[in-house]
Amino acid sequence: MNPEDELIEETQAEELPALEPPLFAAETVLNAERQLEASKAVSPKLPKILSIFCIVFAAAAIGVLLWLYFTRGDKNNLIMAIVIVPVAGYMLYSRFAMPKKAMQRWEEKLLTAYGCTELHLLTEFYDKALAQTLREDSDLTTEGYSAITEFKETEHLFLLRHSAQQWYFVEKTGFTVGTADEFRTFITERIGG
């Protein structure tokens, strides 16, 4: 290498600023179990309440109709009870089995896209922004804290909303820099600002 090339390399190396180390860093394994936990945490409460109410109402209606059939012998009540049973069954199925089916479909999509059933995320938090890397495809996402509009916490995750349907997942036990308790304070001070 000639002396001019060495001088250019030295000059370029000097011009690049050193990156500040992250204030917090967390590794997150996103699998179907964590996805389901997050989905339950971020889904609206009203549909859950209405679903439970409808199931209880359908069960009560079936009970009353069967009671009327056995006490009065009216076959119309039995027919109505038989009609309500599949509706109640579907409501129970949609409440308890459909979320698990959705997670199976989610895993199948991961298998197709990445060849695995879980994703590995590294999220680094700096003073003014965060950066999240997906190990499976080296995809890097950066975001200023002003874009984070909501913070939720589940048993295993911190969830940071950055758009209507998109969240950053940060595993509480995955911190390699900082702690979960310190992070909670840090992020609540920076949301939206």
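Any read-out appearing in this document is the output of simple, stated calculations on the displayed coordinates, not a laboratory observation. Note that the structure is predicted; figures quoted are calculated from it, not measured. Here the Cβ positions follow ideal geometry from the backbone for every residue, glycine too, while neighbour counts run over all protein chains shown.
Quick one: how many lysine pairs in the chain have C-alpha atoms under 28 angstrom apart, if they're 8 or more apart or on different chains?
Total qualifying Lys-Lys pairs in the chain comes to 27.
If you work out volume of the Cα convex hull per residue in Å³ from the coordinates, which of (1) 143; (2) 123; (3) 162 do you get?
Recomputing volume of the Cα convex hull per residue in Å³ here gives the entry labelled (3).
Please check the chain for the longest run free of trypsin sites (Lys or Arg not before Pro) that are loop-located per DSSP (anything but H, G, I, E, B) and have at most 14 other Cβ atoms within 10 Å.
It runs 1-127.
Cα centroids of region 130-185 and region 64-86: how far apart, whole angstrom?
Centre-to-centre distance over Cα atoms comes out at 53 Å.
Which angle between 0 and 90 degrees, to the nearest 10, do you get for helix 180-190 versus the longest principal axis of the chain when only C-alpha atoms count?
80
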